[in-house]
Every structure is written in C-alpha cells, then in structure tokens.
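So the structure is just underneath, and the comments pick up after that.
The values are calculated or read from the model by the stated rules, or taken from the named source; none is laboratory data. Keep in mind that what you see is a predicted model, and the values were worked out from it rather than measured. So basically every Cβ, Gly included, is an ideal-geometry build from the backbone, and we count neighbours across all protein chains shown.
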Amino acid sequence: MAGAPANWREGKAAKDRQRKKKKKRQDGRFWDSIGRPRFVMAPMVDASELAFRLLGRRYGVDLAYTPMLHSRLFLDDSKYRALHWQTLRSSPSWTQASCSEEEDVQEEGEEEGEEEEEGEEGEEGEVSEGGRSQWTGDESQEFDEPVFVQFCGDSPATLLAAAQLVEDEVEAVDVNVGCPQGIARRGHYGAFLLNEPELLVDIVSTLHKHLKTPVTCKMRKVSPRNPRDALPRSEAALVLDEERRLQDTLRLCDAFEAAGCACLCIHGRTKEEKAAFVGPCDWLAIRHVKQRLSIPVIANGAVETYEDALRCLEFTGADAVMSAEGLLDNPMLFAPSRFAPSSFCALSFPSFLPFSPFLSFSPLRDSLRGRLSASSRLHAVPRASCEFLGLSPGLLQRCLVMQEYLDLCMRFPPPHPSFVKSHLFRCLHPVLAEHEELRNSLGKAVEYTEFSAIVDAATAHVKEREFSRWAAKPHEGGRGETGRRHEETHTGESQEAPHPTWYRRHRTNLARAQKKETETKEVPLWEPSEEGADGDVFSNLFFA
C-alpha cells in the first residue's frame with residue numbers, strides 16, 4: 001500500500017506530460033518548451049547510449065538523440081527493446097534513487113498535499129520530470145533531458161506502434177531519413193527513402209496525427225534520381241545538377257513541415273558523400289532551408305571543433321548545430337573551456353597531471369587526487385608557460401575524459417561492451433595508433449577493469465611522451481600550440497601528432513583537399529557546339 005500513492009502520482013504526472021506535450025505542439029511552443037537548445041548530440045548507432053549522452057551533457061550538449069532504433073525490431077522483439085532502450089527514468093540506478101527518496105519523504109511524515117503541490121510547481125517549469133529534477137548521483141545531479149528517440153523504417157503503421165511504446169519518456173519522436181549506410185539500402189529506410197517523398201509524407205503525417213509527442217525528421221540533401229547523374233560531368237552540368245538537388249531538397253522540406261514536422265535536422269551532404277568520399281558540407285543549402293521554413297532547423301555536418309559549431313550557427317542561421325563524429329572523436333567538443341583550463345599543475349617525473357575541472361563530476365576525483373602527495377606537487381604553471389614548455393594537454397584530457405566515461409558505464413552499463421570499445425578506440429585513436437600493444441589489448445577486452453587498465457596505460461604513455469619531448473627541447477616554445485596549429489592548417493603537416501585523430505582518418509584539410517582536387521581533376525565531357533552543328537550546347541551537357 002505504501003507504493004500506491006507514488007504509483008498514482010506517477011500516472012497522473014504521465015498524463016499531465018501528455019496533455020502538456022500536445023498543447024505545446026499545437027500552439028507552436030515546442031522549441032521553447034525544451035529550452036531552445038543550441039548544441040546537439042546526433043543519433044548514432046551503437047554510440048549515443050545513455051552513458052555517452054550523460055557524458056555529453058556534462059560538456060555542453062543541450063539536446064541528445066537515442067541511437068537509431070529499428071522500428072520493426074523494437075515493436076516485435078522484446079529482447080531487442082529491453083537491451084537497447086535506455087533512458088534515465090528506465091535506469092535501475094534512477095529507479096533505486098527515486099524509491100529511496102520516496103521512502104525518506106514518507107518517513108519524515110510530509111503530507112501528500114504538499115508533495116503534490118511541489119510536483120505541480122515542477123511541471124510548470126520548462127524542465128521536464130526526468131533525471132534533471134529527480135535523479136541525484138553520488139557527486140552530481142545527472143540529467144538526460146531533453147532527449148529525442150529516433151526510429152528507422154518504411155511502414156507508417158509500424159513506426160507509429162513503435163513510437164507509442166516510448167513517447168511518454170521522450171520530448172520528440174524522430175524519423176531517420178538520413179542514414180547513408182548499406183544496411184539502410186537493404187532495409188529500405190534512411191536516406192534511401194529521400195526519392196520517395198509520398199511515402200515520407202505519409203509517415204510524418206501518420207505520426208503527427210496519432211502521437212501526443214511532437215514528430216521531427218533528420219535528413220540529408222536529396223541525391224540525383226538517376227544513378228548516372230552522379231558520374232563526373234562538366235562544370236556547367238554540375239551547376240545544374242546542384243540546383244536541381246537543392247530544389248528537390250527544399251520541396252521535401254516544405255512537405256515535411258506541411259505534414260506536421262515540428263523540427264527538421266538536415267545534413268549538408270548527400271548519401272553518396274560518406275567515408276572516403278565525405279567531401280565538404282553544404283552549409284549554404286542548410287541556410288536556404290532555414291530561410292524557407294518556419295519550424296526550428298538543426299544544422300549537421302563538418303563540425304569538428306567548437307569554432308566550427310559557432311561558424312555553422314552564424315552562417316546557416318540555424319536554431320542549433322549537431323555533431324556526430326566530432327563528438328565521438330572529442331566528447332568535450334561543445335565545452336572548450338572545460339578541456340582547455342587556464343592553468344595546469346606540473347608534477348615531478350614521470351607524471352604530468354593537468355588539473356581538470358571536470359573531475360569534480362567524477363568519483364575518480366578523490367582517487368586521482370589521493371595519488372598525488374604534497375611533496376610531489378611543484379607549483380601551478382600558467383598556460384603560457386605550458387605552451388613554452390611544449391606541453392600539449394589534448395591527449396591527456398582525452399584519457400581523463402574516457403576514465404570519466406568508464407565511471408558512467410559502471411553506473412549505466414551500455415547494451416554491449418562493444419559500445420565502450422568503440423568509444424575508447426575513437427577518442428584515444430592518436431595514442432592507440434602509436435602503441436600496437438594497447439590497440440591489440442583493446443580489441444580483446446570485454447571487462448571494465450580491462451578497459452580501465454588500457455586507459456591508464458594510455459595515460460602513462462602520453463605523460464612520458466610529453467616529458468621526453470620537453471626534456472629534449474626545453475626552449476622550443478617560441479611558437480607555442482597556437483603557432484604550430486596555424487602552420488598545420490596551411491601546410492597540412494602535423495609535427496605534434498604524426499597519427500591523425502579518428503575524425504581526420506578520411507578527411508583532409510583545405511590544403512590537402514585542393515591538392516587532391518588538382519591532381520584528380522576530370523577532363524570535361526563536352527565541348528561547346530561549333531557554329532552550324534546540329535543541336536545546342538545543352539544537348540551535349542548530359543549523357544545520352
């Protein structure tokens with residue numbers, strides 16, 4: 001009987017959230033209701049799980065998506081649903097904490113009327129009733145709101161049924177119209193539906209009419225309908241192709257808005273522009289979309305650094321900017337002040353441990369500080385002095401933030417150890433590329449103790465490398481990190497990191513891209529028509 005009032009209040013709160021969501025969708029205040037986010041974590045298959053979302057929240061992420069979920073499997077397979085559905089409310093840690101808090105309240109003898117009044121005041125706020133307002137961790141108050149769930153599929157009925165299972169736990173239901181991978185082609189979903197606008201409009205319209213939660217879409221630029229149109233062509237033909245592609249994209253965006261889409265995220269590349277063919281991102285197309293639509297627009301693509309994010313927001317005029325691979329490579333992307341502190345603490349050899357503000361969030365803080373004896377601590381070194389010494393905190397910060405991620409994984413276990421393995425490989429890619437033994441160990445690791453040992457070893461390698469470089473060239477510092485990075489931008493060569501980051505594994509900087517373009521430039525496939533020849537110029541622009 002003791003649990004009955006709590007269950008009743010939870011049911012009442014859920015109904016209130018449903019009414020609230022429907023009202024917000026109808027009066028156009030959806031974006032305001034979720035706090036007008038600016039920095040967004042993309043939906044990533046086997047990557048944007050709960051632990052990684054919580055890590056991102058600590059470093060500037062305002063809005064996050066769940067990993068892409070297959071609507072048919074989510075609906076029909078209870079094991080798939082139980083394994084892959086992770087929110088803070090559904091987490092055992094959150095449930096246990098909530099029960100403990102409820103027992104404490106009852107033991108203190110607080111009246112139900114006072115509790116209900118407090119709950120109503122919480123519901124009136126812009127922050128919804130998730131981890132932010134109720135769940136409390138050991139050292140910080142974790143939260144995972146707002147969060148969108150993303151589904152893929154090609155059946156309006158299946159997508160609707162899957163979304164109805166979880167719509168009360170999220171702020172919006174997103175339809176994947178942007179996945180460019182081969183599995184999406186075989187499964188008939190994602191970006192391979194972009195040339196079927198009638199089906200997409202039917203999907204969005206069905207969800208909009210029958211869900212209480214707002215519906216959003218994540219898409220890419222529309223690709224050429226004819227595969228032959230994607231072949232190398234003349235400059236004039238390419239200009240015409242790009243214009244047609246833009247118009248097709250804009251028409252589809254208009255159709256999404258008319259069908260009831262509450263927010264649109266657009267990636268400025270086509271489905272063919274991926275991996276080694278990633279190419280530049282078309283921010284201009286995103287700006288055209290934003291100027292055309294009245295709903296919020298999220299820009300996606302070519303966001304490797306915080307500066308990229310700000311430039312993207314300024315150029316496109318979008319309401320928010322999204323990153324996927326940028327966050328996988330650097331989870332601290334949206335919080336530069338957190339991974340570039342104003343001072344560091346230099347320790348005696350062989351340890352350099354930069355003082356990291358984010359350690360205040362982690363139970364690792366006490367254990368790490370406990371390892372530092374007062375006698376080994378030297379003095380605080382200003383940032384300029386660290387640059388003079390040649391100390392680069394980048395890799396050290398990556399190692400420390402991965403320890404923080406492992407700490408979250410212990411409390412909120414990912415669906416499979418492969419999630420952890422992939423995050424460590426991506427974030428620590430520059431270190432693993434230099435140390436084959438660590439890379440091999442990571443490939444075999446399955447336990448969290450093994451993952452933690454690998455991160456500790458990587459940290460030790462980075463510290464020793466930094467000290468050795470400083471000892472060899474103690475007065476190298478004239479240029480500092482800023483000067484070196486400026487030179488790398490123009491020359492394409494890196495003196496500090498012979499192995500590129502994971503984000504850069506198939507990308508090139510501007511200088512290299514221009515060189516490659518010059519070397520591989522195609523010969524025009526047409527010539528201007530001679531005077532008196534049959535046909536006109538445009539008849540020669542396209543293949544027969």
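All but one of (1) assigned to a helix (DSSP H, G or I); (2) modelled with pLDDT of 65 or more; (3) surrounded by fewer than 21 Cβ atoms within 10 Å (Cβ to Cβ) hold for residue 366, so report the exception by its number.
With (1) assigned to a helix (DSSP H, G or I); (2) modelled with pLDDT of 65 or more; (3) surrounded by fewer than 21 Cβ atoms within 10 Å (Cβ to Cβ) applied to residue 366, the lone miss is (2).
Against the definition (modelled with pLDDT of 50 or more, among the acidic types (Asp, Glu) and out of contact with any strand residue (DSSP E or B) (no Cβ under 8 Å at 6 or more places or on another chain)), how does residue 387 come out, yes or no?
No; evaluated as a whole, the condition is false for this residue.
Within segment 34-83, can you find the residues that are farther than 18 Å from residue 330 by Cβ, of a type in the set (Asp, Glu) and in a loop (DSSP other than H, G, I, E, B)?
Once the filter is applied, which keeps residues that are farther than 18 Å from residue 330 by Cβ, of a type in the set (Asp, Glu) and in a loop (DSSP other than H, G, I, E, B), segment 34-83 yields 46, 77.
Got a sec? Which of 51, 42 is of a type in the set (Gly, Ala, Ser) and within 15 Å of residue 179 (Cβ to Cβ)?
Matching residue, one of 51, 42: 42.
Let's see how each residue does on (1) closer than 17 Å to residue 65 by Cα; (2) of a type in the set (Gly, Ala, Ser); (3) part of a helix (DSSP H, G or I):
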residue	(1), (2), (3)
157	no, yes, yes
160	no, no, yes
167	yes, no, yes
174	yes, no, no
192	no, no, yes
201	no, no, yes
204	no, no, yes
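Among the numbered conditions (1) modelled with pLDDT of 95 or more; (2) within 28 Å of residue 275 (Cβ to Cβ), tell me where residue 408 comes up short.
(2)
Does residue 220 meet the test of being surrounded by 20 or more Cβ atoms within 10 Å (Cβ to Cβ) and at pLDDT below 85?
Spelling it out, it is not the case that residue 220 is surrounded by 20 or more Cβ atoms within 10 Å (Cβ to Cβ) and at pLDDT below 85.
So, residue 295, is that one outside any helix (DSSP H, G or I), of a type in the set (Val, Ile, Thr) and surrounded by fewer than 23 Cβ atoms within 10 Å (Cβ to Cβ) or not?
Answer is yes for this residue.
Only residues that are out of contact with any Phe, Trp or Tyr (no Cβ under 7 Å at 6 or more places or on another chain) and either of a type in the set (Asp, Glu) or modelled with pLDDT under 95 (or both): list them for segment 320-337, please.
Once the filter is applied, which keeps residues that are out of contact with any Phe, Trp or Tyr (no Cβ under 7 Å at 6 or more places or on another chain) and either of a type in the set (Asp, Glu) or modelled with pLDDT under 95 (or both), segment 320-337 yields 330, 337.
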